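In what follows, a single structure is set out as structure tokens and then discussed.
The values are calculated or read from the model by the stated rules, or taken from the named source; none is laboratory data. Predicted model only: the values in this text are computed from it and were never measured. Here the Cβ positions follow ideal geometry from the backbone for every residue, glycine too, while neighbour counts run over all protein chains shown.
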Amino acid sequence: MEKVLNYIGGELVPPTSQQWLDKPEPATAELYAHVPDSDETDVQRAVEAATNAFPAWAAMPASERARLLRRVADTVRARLEAFARAESIDTGKPLSVASSVDIPRSILNLEFFADAVTQFSSEAHATDALALNYTLRSPLGVVGCISPWNLPLYLFTWKIAPALAMGNCVVAKPSEVTPMTAFLLAQVCREVGLPPGVLNIVHGLGAKVGAALSRHPDIAALSFTGSTRTGAEIARTAAPLFKKLSLEMGGKNPNVIFADCDFDEALATTVRSSFANQGQICLCGPRIFVQAPLYERFKAALVERTRALKVGDPLEPGTDQGALVSQQHFEKVMGYIDLAVQEGGRLLTGGRRAKLDGRCRNGWFVEPTLVEGLGPECRTNQEEIFGPVATLTPFEREEEVLAWANSTRYGLAASVWTKDLSRAHRFAAKLHSGIVWVNCWMLRDLRTPFGGVKDSGVGREGGHEVLRFFTEPKNVCVKL
Ligand code: NAD
């Protein structure tokens with residue numbers, strides 16, 4: 001049985017409580033690791049280590065910090081296979097996805113922010129001929145980063161890399177559901193000589209470790225990615241303490257397909273945007289709206305492509321769909337499929353537990369599922385399912401589908417498919433969404449602002465937005 005350890009003050013340590021959580025492998029439902037069940041005491045130690053490390057780390061030239069981050073990135077790259085395998089086993093996602101998406105993007109996050117910090121500069125301007133204003137941007141101090149299970153190392157590095165690059169020290173909490181690659185990263189950080197205390201990783205439950213971070217008086221800012229419910233709880237705790245907050249939360253994204261789209265591209269991408277990572281990506285587009293003239297043709301082709309997806313052992317090369325991340329999440333998704341049927345939905349394909357043979361016979365696999373016949377206001381189309389379940393709805397007019405697209409409490413991302421350029425721009429501008437993809441999906445440029453509106457988030461990650469988030473600006477006004 002593998003044992004995950006905390007990383008505090010440069011050391012790999014067990015939790016003070018000596019209590020451990022069980023960690024099953026989603027593809028087999030068998031226990032394979034123990035995770036620290038850490039608590040406030042471990043968080044306190046981590047904050048102290050980070051506080052001690054902060055002055056030297058903040059004073060280090062940005063280029064030196066960047067060099068260390070690049071060394072971390074290089075070492076992860078050298079071990080890409082081991083990281084990808086660990087991510088696949090921990091999450092149930094296909095190894096092919098972990099090795100082509102999760103781990104390469106994690107490396108890129110580290111490299112991107114290592115580069116970005118060396119090119120970051122603050123603002124200055126003259127107030128007519130009266131004065132010169134310039135803004136000093138200093139690191140905040142000790143910051144907390146809390147990440148979810150769906151893209152474990154990818155989202156973990158997306159937060160810690162900019163925080164560290166800007167000279168902050170970090171206490172990070174990966175999801176207790178998928179701790180393994182953060183543990184491997186801790187080992188890399190030790191090996192490459194990241195100064196002790198600069199990055200600390202405390203594993204454990206949200207209600208213990210996450211809550212302790214949210215209320216810790218010496219943590220200046222919290223960067224969180226996860227569910228809207230948890231984000232609200234963190235905000236309730238942290239807001240009266242005046243912590244800076246960045247919250248990246250849930251989504252129920254629309255995928256709007258006009259009749260004049262490029263059919264093949266829209267189809268192939270819709271298969272991905274519905275089912276990539278078993279539908280467990282906050283950017284997935286599970287509400288598929290197709291304009292009436294194209295509806296039947298698109299539906300038939302999508303059903304065929306969906307049926308062709310191979311649900312299988314995540315470690316096998318031919319697998320398209322792996323397991324859902326946990327039994328609890330599996331039950332939630334299956335509950336939503338039942339709800340879709342109760343609400344009057346017709347299953348076009350899928351809808352059942354996928355039964356596998358051999359080592360995966362007890363794993364938490366769900367058939368990729370398409371449902372039609374539901375209105376945009378029903379719970380199935382309003383609540384985040386976060387699994388391989390998408391609905392198809394025909395529409396006639398642009399205004400109608402715009403209203404439906406905007407009708408949920410969420411507003412993270414949207415896709416629009418059309419060859420009509422004016423419509424694409426007009427529609428993109430009217431969507432209540434932090435991110436709009438026109439004729440594509442998940443085409444990422446790390447310089448762009450990333451985040452959601454409404455209940456999907458507060459603040460933006462990515463590029464200079466996140467570098468600014470991890471600084472305290474001070475304006476200096478000099479009279480001329
Ligand atoms: P979650 O909210 O259950 O957990 C996220 C993290 O918060 C975990 O590390 C968890 O331990 C911690 N946590 C739980 N309770 C806490 C508390 N009371 N205080 C502090 N921390 C606490 O989310 P999840 O199930 O791990 O992830 C799935 C969710 O994440 C989905 O809603 C998905 O849309 C969202 N997500 C959003 C984005 C984005 O960029 N907007 C990206 C990925 C995932």
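On the stretch given as segment 431-480, residues that are away from the ligand (no atom under 16 Å from the Cβ), out of contact with any Ser or Thr (no Cβ under 8 Å at 6 or more places or on another chain) and among the hydroxyl-bearing types (Ser, Thr, Tyr) total 0.
A quick yes/no check of all residues on (1) in a loop (DSSP other than H, G, I, E, B); (2) under 21 Å from the mean Cα position of the chain (by Cα); (3) in contact (Cβ under 8 Å) with a residue 60 or more places away in the chain:
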site	(1), (2), (3)
Ala414	no, yes, yes
Lys419	yes, no, yes
Arg423	no, no, yes
Ala428	no, no, no
Ser433	yes, yes, yes
Val436	no, yes, no
Trp441	yes, yes, yes
Leu446	yes, yes, yes
Arg468	no, yes, yes
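Taking (1) part of a helix (DSSP H, G or I); (2) more than 10 Å from the ligand (Cβ to nearest atom); (3) buried (at least 19 other Cβ atoms within 10 Å of the Cβ) in turn, Ala239 satisfies each apart from (3).
Screening the candidates Gly335, Gly351 for the property of being surrounded by fewer than 15 Cβ atoms within 10 Å (Cβ to Cβ) and at pLDDT 95 or above yields one hit, Gly335.
Is it the case that segment 128-139 has a residue that's touching a residue at least 12 places away in the same chain (Cβ under 8 Å) and either in a helix (DSSP H, G or I) or within 16 Å of the ligand (Cβ to nearest atom) (or both)? Break it down into steps so the answer makes sense when it comes.
Narrowing segment 128-139 to residues touching a residue at least 12 places away in the same chain (Cβ under 8 Å): 129-139.
Pick out the ones that are also either in a helix (DSSP H, G or I) or within 16 Å of the ligand (Cβ to nearest atom) (or both) and you get none.
Within segment 128-139, none of the residues are touching a residue at least 12 places away in the same chain (Cβ under 8 Å) and either in a helix (DSSP H, G or I) or within 16 Å of the ligand (Cβ to nearest atom) (or both).
Looking only at segment 174-186, which residues are closer than 18 Å to Gly144 by Cβ and part of a helix (DSSP H, G or I)? Walk me through it before giving the result.
So the first thing to find is which residues in segment 174-186 are closer than 18 Å to Gly144 by Cβ, and the list is 174-176, 179, 182, 185-186.
Ala182, Leu185, Ala186 - these are the residues of segment 174-186 that are closer than 18 Å to Gly144 by Cβ and part of a helix (DSSP H, G or I).
On inspection, Thr230 qualifies as of a type outside the set (A, V, I, L, M, F, W, C), within 7 Å of the ligand (Cβ to nearest atom) and more than 21 Å from Thr51 (Cα to Cα). Taken over segment 367-399, the criterion of being within 16 Å of the ligand (Cβ to nearest atom) and either out of contact with any helix residue (DSSP H, G or I) (no Cβ under 9 Å at 6 or more places or on another chain) or in a strand (DSSP E or B) (or both) is satisfied by Gln382, Val389, Ala390.
For Gln321, indicate whether it is within 29 Å of Gly92 (Cβ to Cβ), surrounded by 24 or more Cβ atoms within 10 Å (Cβ to Cβ), within 16 Å of the ligand (Cβ to nearest atom) and touching a residue at least 12 places away in the same chain (Cβ under 8 Å).
On the way: within 29 Å of Gly92 (Cβ to Cβ): yes; surrounded by 24 or more Cβ atoms within 10 Å (Cβ to Cβ): yes; within 16 Å of the ligand (Cβ to nearest atom): no; touching a residue at least 12 places away in the same chain (Cβ under 8 Å): yes.
For Gln321, the condition - within 29 Å of Gly92 (Cβ to Cβ), surrounded by 24 or more Cβ atoms within 10 Å (Cβ to Cβ), within 16 Å of the ligand (Cβ to nearest atom) and touching a residue at least 12 places away in the same chain (Cβ under 8 Å) - is not met.
To keep it simple, each residue is scored yes or no on (1) of a type in the set (Val, Ile, Thr); (2) surrounded by 19 or more Cβ atoms within 10 Å (Cβ to Cβ); (3) more than 18 Å from Ala172 (Cα to Cα).
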| site | (1), (2), (3) |
| --- | --- |
| Ser17 | no, no, yes |
| Leu31 | no, no, yes |
| Asp42 | no, yes, no |
| Ala62 | no, no, yes |
| Ala66 | no, yes, yes |
| Arg79 | no, no, yes |
| Thr91 | yes, yes, yes |
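When residues of segment 69-105 are filtered for being closer than 15 Å to Ala165 by Cα and not aliphatic (A, V, I, L, M), how many remain? Break it down stepwise before answering.
Looking only at segment 69-105, we keep the residues that are closer than 15 Å to Ala165 by Cα, and these are 69-73.
After this cut, where a residue has to be not aliphatic (A, V, I, L, M) as well, the list is 70-71.
Of the residues in that region, 2 qualify.
Taking segment 354-380, which residues are within 21 Å of Glu400 (Cβ to Cβ), of a type outside the set (A, V, I, L, M) and free of Cβ contacts under 8 Å to residues at least 40 places away in the same chain? Once the filter is applied, which keeps residues that are within 21 Å of Glu400 (Cβ to Cβ), of a type outside the set (A, V, I, L, M) and free of Cβ contacts under 8 Å to residues at least 40 places away in the same chain, segment 354-380 yields Gly373, Gly375, Glu377, Cys378. If you go through segment 1-10 and pick out every residue that is touching a Pro at 6+ places or on another chain (Cβ under 6 Å) and not in a loop (DSSP other than H, G, I, E, B), you end up with 1.
Among the residues of segment 149-167, those identified as surrounded by 24 or more Cβ atoms within 10 Å (Cβ to Cβ) and within 15 Å of Ile281 (Cβ to Cβ) are Asn150, Leu151, Pro152, Leu153, Leu155, Trp158.
For segment 340-364, the tally of residues that are in a helix (DSSP H, G or I) and more than 19 Å from Phe275 (Cα to Cα) stands at 5.
Under the condition of being touching a Leu at 6+ places or on another chain (Cβ under 8 Å), away from the ligand (no atom under 16 Å from the Cβ) and part of a helix (DSSP H, G or I), the residues counted in segment 187-224 number 4.
Count, please, the residues in segment 11-67 that happen to be without any contact (Cβ under 8 Å) to a residue 60 or more places away in the chain, under 24 Å from the mean Cα position of the chain (by Cα) and assigned to a helix (DSSP H, G or I). Number of matching residues: 0.
Close contacts from segment 69-81, counting a first residue that is on the phi < 0 side of the Ramachandran plot and a second that is outside any helix (DSSP H, G or I), with Cβ to Cβ under 7 Å and a gap of 6+ residues or different chains, come to Val72/Leu194.
Only one of the numbered conditions (1) under 30 Å from Gly167 (Cβ atoms); (2) near the ligand (Cβ under 9 Å from one of its atoms); (3) of a type in the set (S, T, N, Q) is not met by Gln280, and that is (1).
Regarding Asp264, is this residue surrounded by fewer than 19 Cβ atoms within 10 Å (Cβ to Cβ), without any contact (Cβ under 8 Å) to a residue 40 or more places away in the chain, closer than 30 Å to Ala390 by Cβ and not β-branched (Val, Ile, Thr)? Before the answer, list the steps.
Details: surrounded by fewer than 19 Cβ atoms within 10 Å (Cβ to Cβ): yes; without any contact (Cβ under 8 Å) to a residue 40 or more places away in the chain: yes; closer than 30 Å to Ala390 by Cβ: yes; not β-branched (Val, Ile, Thr): yes.
Criteria met by Asp264.
Restricting attention to segment 439-458, which residues are farther than 21 Å from Ser227 by Cα and crowded, with 17+ Cβ neighbours inside 10 Å? Give the derivation first.
In the first step, residues of segment 439-458 are kept if they are farther than 21 Å from Ser227 by Cα; the result is 439-441, 443-448.
Matches in segment 439-458: Trp441, Leu446.
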